[in-house]
Amino acid sequence: MTTTYRVTLRNRNGVPLDVAEDEPIYAAALRAGIQLPIACNYGGCITCAAKLITGHVRQPKGTALNRRQSQAGFILLCVARPTCDCVLDVGVESHRGLYQNPFAIAGNRYPPDA
Amino acid sequence: MLDECCGPGYASPADAMKAPRETLLYTVALYVGTGVEKPDYLATVDVDPESPTYSSVIARTEMPQIGDELHHSGWNACSSCHDDSSMARKYLLLPGVRTSNINVVDVSDATVPKLHMVVSGDEIKAKTGLSGPHTVHCLKSDIIISMLGDADGNAPGGFLHLDKEFNIVGRWENDITGMNYNYDFWYQPRHNMMVSSEWGAPNTFMPGFDLEDVGKGKYGQSVHFWDFEAKKIVKSIDMGAEGMIPLEVRGMHDPTSNEGFFAATLSSNVFRWWKDGDDFQIEKVIDIPTVDVEGFPVPMPSLITDILISMDDKYLYFANWLHGDLRQYDIADKANPKMTGQVWIGGLLGKALEVNGVTVQGAPQMIQLSLDGKRLYVTTSLFSSWDNQFYPGMKDKGAQMYIVDCDTAQGGMAINPDFVVDFGREPNGPSRCHEMRYPGGDVTSDIWM
């Protein structure tokens with residue numbers, strides 16, 4: 001029997017999603033009528049990035065995030081499956097600190113997240 | 001002359017230059033990475049100064065799927081089919097780099113482009129093991145598209161072959177031995193040659209630009225010369241630090257010429273290439289110095305992101321996307337190009353923050369030149385994730401399109417004061433405009449057999 005977890009979209013008025021342990025969070029949101037950013041749909045391109053506030057996910061085949069981005073809490077919703085109840089900020093509004101100008105940060109690889 | 005019964009395009013570059021002035025222009029416009037959760041679209045822009053809607057978007061053709069990242073585009077037919085009256089330049093192919101979908105738009109009614117069909121990215125991956133479509137060139141009745149990744153988004157990719165009904169034929173090349181990465185290509189059929197360049201694997205460049213990836217060798221620094229009929233590489237040249245990330249490759253339009261240019265984007269050098277008997281040579285001819293910027297721990301390269309050659313093969317134009325300038329060079333002496341014009345639009349050096357009443361987001365990036373060589377159209381977006389790194393304001397304020405008037409007699413460039421299309425004011429929200437094409441063909445798509 002499939003286990004289902006509660007995933008709360010904090011910056012979408014706290015809307016709750018019931019997400020199966022083997023279902024990508026992006027797909028569960030779409031099923032609930034919520035269109036979140038998406039592009040490659042296989043974990044290679046960063047467009048669907050979101051910020052994990054609490055909880056844990058597993059991200060099979062997700063390659064688009066570097067160590068700094070992962071440590072800052074970003075996840076890829078097209079491949080992320082919950083392993084417990086989670087709270088997320090989603091959409092481009094959650095991308096603060098995701099992107100950096102590489103020439104401005106060279107030599108200072110992992111500054112504190114803005 | 002056979003012109004009365006002919007197919008698309010023009011009999012020669014000289015004939016193309018005599019075509020009527022362009023009145024419409026197509027540009028892709030993107031919502032990827034902007035916060036507007038809608039599909040990308042093709043924007044039709046009125047560029048007829050006599051028209052009441054000059055300098056505005058007059059049609060928007062939405063793609064069926066969200067998240068394509070439309071990028072480059074190409075015609076089903078160009079002047080290479082000029083002798084084939086059964087062909088028509090009727091369809092514009094719009095690949096989505098991130099979804100691998102190839103959207104085909106019917107421009108039979110030039111002012112109202114309509115979606116014709118989609119070659120599904122999933123089908124392309126399943127049938128050819130390729131993803132990440134980029135450059136589209138027609139080749140007589142066939143179409144070949146450079147693909148930057150394998151089905152999982154890893155290097156080196158290859159070339160997709162479509163027939164004229166857009167059915168997947170398979171992979172075009174017979175052998176890619178020597179190719180580390182893929183990007184752009186140009187072919188010169190009369191010399192049985194093709195040149196291809198290297199960006200990186202989709203899984204490397206799609207998330208953004210990371211200098212650590214450069215250090216790990218995950219970006220290209222080689223160009224490849226092909227035996228076009230045998231569909232295999234005959235010579236690869238590793239350019240080392242001088243040739244990092246070679247992108248757009250252009251050939252002379254004169255079909256008897258076996259020469260051209262390309263830019264190494266990250267190294268910010270322009271190289272010329274030529275066929276030398278049975279061999280191929282390259283030589284660096286322009287070197288744009290880095291600039292020390294206060295607060296930046298490493299010097300800033302200019303980042304030459306697009307380059308093109310005028311239809312008469314007399315001028316070379318290129319864009320420096322980080323510094324913010326567009327340049328014109330006289331290439332009468334190809335080994336010693338002479339700079340004849342320069343304008344500034346946006347950029348990180350802050351030399352032209354506002355142009356024609358609009359605060360510029362980004363800087364000169366994609367460029368397209370009118371057939372007569374007098375109007376250079378320019379857009380300011382590069383690629384959504386890279387825009388978000390270097391010009392983060394663009395996602396909220398959109399990109400811009402300008403015209404730069406070019407003096408083809410004496411040399412020289414000037415920003416046209418009467419034209420600006422601000423994609424920050426699009427009805428569904430700000431979007432990013434990128435590559436541009438004219439309905440009648442242009443200097444970056446037409447090749448002569």
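The values are calculated or read from the model by the stated rules, or taken from the named source; none is laboratory data. Source: prediction; values computed, not measured. Glycine gets a Cβ as well: all are built from the backbone with ideal geometry, and neighbour counts include every protein chain shown. What goes into the accessible areas is simple: the full protein's heavy atoms, side chains included, and nothing from ligands, DNA or RNA. Shrake-Rupley method; radii C 1.70, N 1.55, O 1.52, S 1.80 Å.
Can you pull the one-decimal nm distance between simple spin-label points at B:Lys127 and B:Glu50, each 7 Å off the Cα toward Cβ?
Calculated label separation equals 4.5 nm.
How about B:Lys314: which lysines have a C-alpha closer than 17 Å to its C-alpha, ignoring those fewer than 8 places off in the same chain?
B:Lys18, B:Lys334, B:Lys338, B:Lys374
With r as the distance between the Cβ atoms of B:Val112 and B:Asn167 and R0 = 22 Å, compute the FRET efficiency 1/(1 + (r/R0)^6) and round to 0.05.
That pair, B:Asn167 with B:Val112, gives E of 0.25.
By a straight-distance test (C-alpha under 20 Å), which lysines pair with B:Lys231 as possible cross-link partners, with residues fewer than eight away in the same chain excluded?
Here the lysines satisfying the reach criterion relative to B:Lys231 are B:Lys127, B:Lys140, B:Lys164, B:Lys275.
Hey, got the Cα dimensions of the stretch B:170-220 along the principal axes, in Å, largest first?
Principal axes ranked by extent give 41, 21, 18 Å for the Cα atoms.
What is the spin-label model distance, in nm, from A:Thr4 to B:Ala335 if the labels are put 7 Å beyond Cα along the C-beta direction?
7.5
Tell me, what HN-Hα J-couplings in whole Hz come from the Karplus equation 6.51 cos²θ - 1.76 cosθ + 1.60 at θ = phi - 60° for each residue of the stretch B:263-268, using x for Gly and Pro?
10, 8, 4, 6, 6, 6
Taking all protein chains together and a probe of 1.4 Å, list A:Ile75, A:Ile53 from the most accessible to the least accessible.
Sorted descending by solvent-accessible area, the residues read A:Ile53, A:Ile75.
Under 10 Å, Cα contacts only: if you run a Gaussian network model on chain B, which one of B:Asp278, B:Asp287, B:Asp15 comes out with the highest mean-square fluctuation?
Top of the fluctuation ranking is B:Asp278.
Packing-wise, with mean Cβ within 10 Å as the measure, how do B:310-321, B:166-177, B:30-41 rank, highest first?
Descending packing order for the listed peptides: B:310-321, B:30-41, B:166-177.
Please state, rounded to one decimal and in Å, the Kirkwood hydrodynamic radius that the stretch B:312-426 gives when every pair of distinct Cα atoms enters the mean of 1/r.
14.3
Counting only other chains, and only Cβ atoms inside 10 Å, what mean value do you get across the residues of A:94-102?
Average per residue, whole number: 6.
Using a 1.4 Å probe and counting only protein heavy atoms, how much accessible surface gets buried when A and B come together, both sides summed, in Å² to the nearest 100?
2400
Just counting partner chain Cβ atoms within 10 Å, what average do the residues of peptide B:286-294 show around their Cβ?
That works out to 0 on average.
So what is the accessible area of the protein assembly as shown per residue, in Å², with the probe set to 1.4 Å?
35
Mind listing the phi-derived Karplus ³J(HN,Hα) values for the stretch B:236-246, rounded to whole Hz, using 6.51, -1.76 and 1.60 with θ = phi - 60°, and x for any glycine or proline?
With coefficients 6.51, -1.76 and 1.60, one gets 10, 10, 8, 8, x, 5, 6, x, 6, 6, x Hz.
Do me a favour and compute the ellipsoid semi-axes for the protein assembly as shown from its Cα gyration tensor, root of five times each eigenvalue, largest one first, whole Å.
So the three semi-axes of the protein assembly as shown are 37, 25, 24 Å.
Multiply the residue gap between A:Asp22 and A:Ile34 by 0.36 nm, knock off their C-alpha separation, and tell me the result in nm, one decimal place.
The A:Asp22-A:Ile34 span can extend by a further 2.4 nm.
How high is the FRET efficiency between A:Asn13 and B:Asp142 when r is their beta carbon distance and R₀ equals 45 Å, given to the nearest 0.05?
With a Förster radius of 45 Å, E is 0.30.
Which ³J(HN,Hα) values in Hz, rounded to whole numbers, follow from the phi angles of the stretch B:417-424 under the Karplus curve 6.51 cos²θ - 1.76 cosθ + 1.60, where θ = phi - 60° and Gly and Pro get x?
For the stretch B:417-424, the Karplus-derived couplings read x, 9, 10, 7, 10, 9, 6, x Hz, x marking Gly and Pro.
Using modelled backbone amide H atoms (1.01 Å from N, in-plane), which distant-in-sequence or interchain residues come within less than 5 Å of B:Ile58's amide H?
Amide H neighbours of B:Ile58, under 5 Å, 5+ apart: B:Thr44, B:Val45, B:Asp46.
At 20 °C and 1.002 mPa s, grab the translational diffusion coefficient of the stretch A:1-102 from Stokes-Einstein with a Kirkwood Rh over Cα pairs, rounded to a whole number in µm² per second.
Rounded, D is 161 µm²/s.
Quick one, what does Rg over Rh come out to for the stretch B:3-437 if you take C-alpha atoms and the Kirkwood Rh?
Dividing the radius of gyration by the Kirkwood radius yields 0.93.
First obtain the Kirkwood hydrodynamic radius of the stretch B:17-104 from its Cα pairs, then insert it into the Stokes-Einstein equation at 10 °C and 1.306 mPa s, and state the resulting D in µm² per second as a whole number.
Once the numbers are plugged in, D ends up at 108 µm²/s.
Starting from the amide H of B:Asp142, placed 1.01 Å from N in the peptide plane, find each other amide H under 5 Å away whose residue is 5 or more places distant or on another chain.
none
Rounded to the nearest angstrom and ordered from largest down, what semi-axes does the equivalent ellipsoid of the stretch B:339-385 get from its C-alpha gyration tensor (root of 5λ)?
Ellipsoid half-lengths, sorted descending, are 20, 14, 10 Å.
Per-residue mean of other chain beta-carbon atoms within 10 angstrom of the beta-carbon, peptide B:384-390?
Mean inter-chain Cβ contacts per residue within 10 Å come to 5.
Counting only protein chains, not ligands or nucleic acids, how are B:Trp199, B:Trp274 ordered by accessible area (probe 1.4 Å), most first?
From most exposed to least exposed: B:Trp274, B:Trp199.
At a Förster radius of 45 Å, what calculated FRET efficiency corresponds to the Cβ-Cβ distance of B:Lys18 and B:Thr177, to the nearest 0.05?
According to the calculation, E is roughly 0.55.
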